[in-house]
Amino acid sequence: MAVKMFASISVGSFETEMKIFEFTARKGMREIDRVSTRLDLGIDVYKTRRISTGKTEELCQVLKDFKRIMEEYRVEDYKICATSAFRESRNMVVLLDYIEKQTGLAIEVLSNSEQRFLDYKAIASVTTEFESIIQGATAIVDLGGSSMQISLFDKDKLITTQNIRIGNVSTREKLLPYEKNRMHFAKMVTELLNHEFAGFNKLYQKDRQIKNLIVVGGSLRDLMKQYETANKKIISVSREQFLEIYEKAVCMTPDEVTSCFDISSENTLVIVPSAIYCKCMIENFGVETMWFPGFSLSDGIAYDYGEKQKLTRCNHDFEEDIIASARSISKRYKCSQAHVRNLEEIALTVFDRMKKVHGLTRRDRLLLQISVILHNCGKFISLENVSECAYNIIMATEIIGLSHMEREMVAYTVKFNTSPFPDYEEFDMDAGADPDVYMRVAKLTAILRLVNALDRTHQQKCSDVTVVLKENELRITAATRQDLTLEANTFAEKAGFFEEVFHVHPVFRQKKTY
């Protein structure tokens, strides 16, 4: 039986962790070892916006130790992911170059949406109850040092994911100097959060009661460990059980929390702020049950690796969550859903028929679908400057599961749907563009432009469409009795760019039905 050894390393704001996983055909993914080191990178970044030379040297030594352990386990593959400390550090590029040269290990810095998506995958990897939990209104809250992420699910669908720039470390550093006593600190944090949650409720929760709260980070699992059962992967507590422990802990100093709850002193600094956050969510969302999964980002990294390498079976459709997030944004900006659904079907059919020509990947197919879903969102702001407004909306809105570069690719595809497509020398991406990225955007834009022409009137006249690629001609036939004069003329206008990009001549035909 084939066994594959994989090392998953997460470089967090306060802890650097490595987990060794074994992948087998019979047992799937299994954790066989875990090592971690406390390393406060987040404090440096919060205070100076930089990771100091001393902390960088410490991290290099930790990674060298991890590398030796990987060799002992004969690890075949690894992945190292860094989170907000690196992401928000102004000397990130210099650090990544130095660390790789010193250790021989490459670090990938996750965007916020990528990090939260892997956290979300980690929950699914260790929590068998996950699918049943998210059938009802459920919020996954990821408590970080400088921000918290709230992802709202209902009926197994992702409704929205929002990042609130208030974290347990930043709150503690900011408000602690002003506290008069422990309860005064709790009062200040509560006032700060209630304002943020009121806005979240108004925009996203509406009449939905969030009964389940899955809490990630903040060391709160340690606070609730008296409720641990035989299933050590997850702790479940009622609203009343949480509040009972909260009332004890909120009045204590970090040293008293350590002594009373038998918690490592390294984790107690963030526990009280995190507990206050959860109490605020209970009160604002109407939470009845809280879940504390026993996992870390390293589990999500490994789960994602196993899924992509087809080493583990995935029970949840994570790609559908990315699409659901895009649909939520589309509805928020009043995009015509009938128009979007019509174009989605045609665009994906064109993509599939052109597979031998375009050389794009399944991931590009997903980016095309998201581009179609969001292509009209700019009209919410301006009917005159739709493309620029759409670009700005997409770049300012988090889409869970997409990297910054992928989000920018979607934004540019939507922008160039109606704006002139630039030459490569004029193509400027925040995430850095190369010829491959440029051509991917060009191909996605060419498809979007062409199919968008087929619903020029937003009346879905071309709902019954067949697409055939024959030699160097793409034949798109719409079966309908309706007048397609506008659609045909618009299609002819967009055909030139499509042919320039793919060297395939698109032809539009109408098959009249009787």
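The values are calculated or read from the model by the stated rules, or taken from the named source; none is laboratory data. What you see is a predicted model, and the numbers here were worked out from it, not measured in a lab. Neighbour counts run over all protein chains shown; Cβ positions are idealised from the backbone, glycine included. The area values use the complete protein model at the heavy-atom level, side chains included, leaving out ligands, DNA and RNA. Shrake-Rupley method; radii C 1.70, N 1.55, O 1.52, S 1.80 Å.
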Calculate, for Glu57 and Lys512, the FRET efficiency according to 1/(1 + (r/R0)^6) with r their C-beta to C-beta distance and R0 60 Å; round to the nearest 0.05. 0.20
Hey, what's the Kirkwood Rh for segment 270-309 if you take every pair of different alpha carbons, in angstrom? 12.6 Å
Counting only DSSP beta bridges with both residues in the chain, what percent are antiparallel, rounded to the nearest 5? 65 percent
Treat each spin label as a single point 7 Å out from the Cα along the C-beta direction, and report the Ser336 to Glu320 distance in nm. 2.8 nm
Taking 4 °C and 1.567 mPa s as the conditions, I'd like the Stokes-Einstein D for segment 318-421 in µm²/s, using the Kirkwood hydrodynamic radius from alpha carbon pairs. 94 µm²/s
Given a 1.4 Å probe, how much area per residue of segment 110-264 is accessible, in Å²? 44 Å²
Computed over segment 140-247, Kirkwood Rh from alpha-carbon pairs, angstrom: 15.6 Å
Over segment 399-514, the quotient of the Cα radius of gyration and 2.2 N^0.38 Å is 1.19
Report the dimensions of segment 160-317 along its three principal axes from the alpha-carbon atoms, largest first, rounded to Å. 55, 40, 28
If the chain between Ala479 and Lys355 were fully stretched, how many nm would it gain, using 0.36 nm times the residue separation less the Cα-Cα distance? 42.3 nm
Using 10 Å bins from zero, what percent of all Cα-Cα pairs in segment 350-402 falls into each bin? 22, 41, 28, 9
Against the rule of thumb 2.2 N^0.38 Å, how large the Cα Rg of segment 406-471 comes out: 1.32
Segment 363-403: GluC sites (Glu not before Pro) in DSSP coil with no more than 11 other Cβ atoms inside 10 Å: Glu384
Please report, in whole Å³, the volume per residue of the convex hull around the C-alpha atoms of segment 319-362. 76 Å³
Using a Förster distance of 45 Å, the FRET efficiency for Arg49-Val468 (Cβ separation, nearest 0.05): 0.20
Calculate, in nm to one decimal, what His503 and Gln209 gain on full extension: separation in residues at 0.36 nm each, minus their alpha carbon distance. 100.5 nm
Pulled fully out, how much extra length does the chain show between Ser132 and Thr24, if you take 0.36 nm times their separation in residues and subtract their Cα-Cα distance? 36.2 nm
Label point distance in nm, Ala488-Glu266, each placed 7 Å from Cα along Cα→Cβ: 7.2 nm
With n ≥ 4 as the cut-off for DSSP H runs, can you work out [θ] at 222 nm for the chain, using -39500 (n - 2.57) per run divided by the number of residues, rounded to the nearest 500? -15000 deg cm²/dmol
I'd like to compare 335-347, 173-185: which one has the highest average count of other Cβ atoms within 10 Å, and what's the full order after that? 335-347, 173-185
Given N residues in segment 1-107, what is its alpha carbon radius of gyration divided by 2.2 N^0.38 Å? 1.14
Antiparallel DSSP beta bridges within segment 435-514, as percent of all bridges there, nearest 5: 45 percent
Environment charge at Glu247 (Cβ cut-off 12 Å; Lys +1, Arg +1, Asp -1, Glu -1): +1
Hydrodynamic calc, segment 455-514: Kirkwood Rh from Cα pairs, then Stokes-Einstein at 10 °C with viscosity 1.306 mPa s, so D in µm² s⁻¹ is 132 µm²/s
For segment 416-492 and segment 311-347, what is the separation of their C-alpha centers, rounded to whole Å? 19 Å
Between Glu191 and Lys155, what is the FRET efficiency for a Förster distance of 35 Å, r being their Cβ-Cβ separation, to the nearest 0.05? 0.55
In segment 1-79, trypsin sites (Lys or Arg not before Pro) in a DSSP loop with at most 16 other beta-carbon atoms within 10 Å: Arg26, Lys27, Arg49, Arg74
According to a simple spin-label model (label point 7 Å from Cα along Cα-to-Cβ), what is the distance in nm between Asn181 and Asp436? 6.2 nm
Take the Cα pairs of the chain, get the Kirkwood Rh, then feed it into Stokes-Einstein at 20 °C and 1.002 mPa s and tell me D in µm²/s. 85 µm²/s
Please report, in whole Å, how far the alpha carbons of segment 273-372 spread along each principal axis, starting with the longest. 54, 40, 21
